[in-house]
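Below is one structure, written out as structure tokens; comments come after it.
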Amino acid sequence: MSKIVILTGAGISAESGLGTFRDEGGLWAQHRIEDVATPEGFARNPDLVHQFYNARRAQSRMAKPNPAHFALAKLQKEHQGAVILVTQNVDSLHEAAGAQNVMHMHGFLDGALCARCDARWQAPLVMEKTMNCPTCNRQTTRPDIVWFGEMPYQMDEIYQHLSEADLFVAIGTSGNVYPAAGFVQEATASGADTLELNLEPSATISEFAQAQFGKASKIVPSWVE
Ligand code: BV8
């Protein structure tokens, strides 16, 4: 059975009402990356960072999966084990649509992490810097999110899957953030075919053998069919 590795970005959740980062009025237009998505920003002003993620957590808990999320879950079900879903997104819309074993390389809005003892637990809707870690009881709680300059999760497994891929598909990502934006080269180097499904050409469009442009809720279900 051929192996398909799929990478999704904020664009797949846009039609579920969750803001993207670099589109008009996106998250990075409202906040400086260095203030809300770096460990230095968190050390400088944990309240601001918690507010940023509390607002996104509240929004994501009200969001519903769209036809693109459901189409990928269906594809996964039909190709047991041969469809690997990697996401840069920190929402849980893939899981809400029925996807399994989603690899959240940039972390989880619904995850809390202790910066001191590495304990992880389900984040409450509102997180504050005064929250005690349930394991070491210190006030060192942070969102379980991979910030700029931090090592994304499950990288070894992801590179292994890319080395075995027959097809790599990037959906709803602008191709600006590494190492995710470099996955297309890894896949090409292992002889995989490559496809970009996006609203508009990404920064790495020249690396893809094929591309289809349009809204994810339209082009992803038609590609899965
Ligand atoms: C790391 C936190 C070392 C979670 C995020 C130079 C070269 C190489 C690397 C670097 C470099 N300079 C700096 C770096 C490192 C840095 C980096 O890449 N910086 C960039 C800005 C240059 N990377 C890191 O620090 C990473 N760590 O490198 O560690 C290492 C290296 C290798 C191996 C191991 C370790 C950590 C990166 C993670 C940072 N955390 N976010 C959060 O707050 O959500 S990144 C942030 O951007 C999000 O996670 C998001 O997922 C990610 C990517 O954004 P996109 O998902 O692509 O969203 P965007 O808005 O950009 O684009 C949306 C797209 O959707 C658009 O194309 C749009 O057209 C499309 N779209 C919109 N609507 C629709 C649609 N498509 C279809 N349908 C629609 N309706």
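Read the figures in this text as sums done on the coordinates, not as results from a lab. Note that the coordinates shown come from a computational prediction; the quantities given were computed from them, not determined experimentally. Here the Cβ positions follow ideal geometry from the backbone for every residue, glycine too, while neighbour counts run over all protein chains shown.
Go through Asn132, Val146, Pro221 and say which Cα lies farthest out towards the positive end of the charge dipole of the chain; charges sit on Cβ, +1 for Lys and Arg, -1 for Asp and Glu.
Asn132
Quick check: pseudo-label points 7 Å beyond the Cα along Cα→Cβ at Gln139 and Asp166, how many nm apart are they?
Taking the simple label geometry, Gln139 and Asp166 are separated by 5.6 nm.
Using the Cα centre as the reference, give the magnitude of the dipole from point charges on the C-beta atoms of the chain (Lys, Arg: +1; Asp, Glu: -1; all else neutral), rounded to the nearest 20 debye.
For this selection, approximately 720 debye.
Stretched out fully, how many nm does the piece from Ala203 to Glu225 gain, at 0.36 nm a residue minus the Cα gap?
Working: separation 22, 0.36 × 22 = 7.92 nm, distance 2.70 nm.
Gain on stretching Ala203 to Glu225: 5.2 nm.
What list do you get for Tyr153, Tyr178, Tyr159, Tyr53 if you sort them by fewest beta carbons within 10 Å? Show your work: numbers first, answer last.
Values: Tyr153 16, Tyr178 9, Tyr159 13, Tyr53 23.
Result, fewest neighbours first: Tyr178, Tyr159, Tyr153, Tyr53.
Please state the charge dipole magnitude for the range 147-213, taken about the Cα centre, from unit charges on C-beta atoms (+1 on K and R, -1 on D and E), reported in debye and rounded to the nearest 20. Show your work: numbers first, answer last.
Values: 0 positive and 10 negative charges, 35 e Å.
The calculation lands at about 160 debye.
Can you sort Ser2, Ser60 so the residue with the fewest Cβ neighbours within 10 Å comes first? Intermediate values should be presented prior to the final figure.
On the way: Ser2 12, Ser60 21.
Ordered from fewest to most neighbouring Cβ atoms within 10 Å, Ser2, Ser60 come out as Ser2, Ser60.
Please work out the FRET efficiency for the pair Gln212 and Asp35, using the Cβ-Cβ distance as r and a Förster radius of 45 Å; give the result to the nearest 0.05. Each step should come with its number before you reach the end.
Numbers: r = 36 Å, r/R0 = 0.80.
After rounding, the FRET efficiency stands at 0.80.
Quickly estimate the mean residue ellipticity at 222 nm for the chain, helices only: each DSSP H run with n ≥ 4 gives -39500 (n - 2.57), and the total goes over all residues, rounded to 500. Let's see the in-between values first.
Details: 9 runs with 73 residues, N = 225.
Mean residue ellipticity at 222 nm (helix-derived): -9000 deg cm²/dmol.
Would you mind computing Rg(Cα) / (2.2 N^0.38 Å) for the range 24-111, counting N as its residues?
On the way: Rg = 15.3 Å, N = 88, 2.2 N^0.38 = 12.1 Å.
Output field value: 1.27.
Just subtract the alpha-carbon distance of Lys129 and Gln80 from 0.36 nm times their residue separation and send over the number in nm, one decimal.
On the way: separation 49, 0.36 × 49 = 17.64 nm, distance 4.15 nm.
This chain segment gains 13.5 nm when fully extended.
Could you order peptides 168-174, 64-70 by the average number of other Cβ atoms within 10 Å of their residues, highest first? Each step should come with its number before you reach the end.
Values: 168-174: 26.4, 64-70: 21.1.
Order by mean packing, descending: 168-174, 64-70.
Write out the GluC sites (Glu not before Pro) in the range 125-219 meeting two conditions: DSSP loop, and at most 13 other Cβ atoms within 10 Å of their Cβ.
On the way: sites: Glu128, Glu150, Glu157, Glu164, Glu186, Glu196, Glu207; in loops: Glu128, Glu150.
Answer in residue order: Glu128, Glu150.
Answer rounded, prolate or oblate for the chain, using the Cα gyration tensor with square roots of eigenvalues a ≥ b ≥ c: rounded when a/c is under 1.5, else prolate when a/b is larger than b/c, else oblate.
Working: a/c = 1.76, a/b = 1.66, b/c = 1.06.
Prolate.
For the pair Asp118 and Arg61, how long in nm is the line joining their label points, each one 7 Å along Cα→Cβ?
Placing both labels 7 Å beyond Cα along the Cβ direction yields 2.9 nm.
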